[in-house]
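The values are calculated or read from the model by the stated rules, or taken from the named source; none is laboratory data. Since the structure is predicted, the reported quantities are computational estimates derived from the model, not experimental observations. All Cβ positions, even for glycine, are placed from backbone atoms using ideal geometry, and neighbour counts span all protein chains on display.
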């Protein structure tokens, strides 16, 4: 999981904000998911909220394609965007069907404070426009998932029997996903190295806010449980 130097910008942010990192990666939701103990209604609520957030995530990945400095990173982000809108979207639709729920419609999206806050953060970072600003939210959002899912696989814990749990773990522990997250970290580290102190502070603030929202997102799944 760790492919960059221990003194890199991304690693320093994780270390400096370890409490926010632990809250986002080692919480009740991730623990119960990995142990196959999570209530189906709780997971259904989580999926509904997460699917409502996908639109903002796709828009931000698309913005990364636009502002990435050169064709190789543009291609890398475009490939991830294709996965989100095909393989991952199919996972959501199959999971909603298994849980007996209709898929939420993008013309009538679910509204929830944590989703709204996450959408606002993503829109704010896109409006700022720089590559570092976009990476500052994309890196923590995806790195959190790589962290808890990879730890689940590495621990040898048996995969959950319910496919919508086991596939969510394997999707985020996949070597290709790990390579993409670590590549984004390296991109952010490089951009931060050439940025001003103010730009790095701005990126740090967005990174921490994204971690805090990830923890709040997982907690929101229990509101109706």
Residue check for residue 101: within 25 Å of residue 44 (Cβ to Cβ), in contact with a helix residue (DSSP H, G or I) (Cβ under 7 Å, 6 or more places away or on another chain) and part of a loop (DSSP other than H, G, I, E, B): yes
Criterion (assigned to a helix (DSSP H, G or I) and either in contact with a strand residue (DSSP E or B) (Cβ under 7 Å, 6 or more places away or on another chain) or surrounded by fewer than 19 Cβ atoms within 10 Å (Cβ to Cβ) (or both)) met by exactly one of 53, 77, 96, 118: 96
Every pair of residues 6+ apart whose Cβ atoms lie under 6 Å, when the first sits in the range 200-214 and is closer than 11 Å to residue 17 by Cα while the second is outside any helix (DSSP H, G or I): 208/17
Residue within the range 63-71 that is under 16 Å from residue 126 (Cα atoms), touching a helix residue (DSSP H, G or I) at 6+ places or on another chain (Cβ under 7 Å), modelled with pLDDT of 95 or more and surrounded by fewer than 14 Cβ atoms within 10 Å (Cβ to Cβ) present: yes
Condition met for residue 9 (touching a helix residue (DSSP H, G or I) at 6+ places or on another chain (Cβ under 6 Å), at negative phi, surrounded by 20 or more Cβ atoms within 10 Å (Cβ to Cβ) and free of Cβ contacts under 8 Å to residues at least 24 places away in the same chain): no
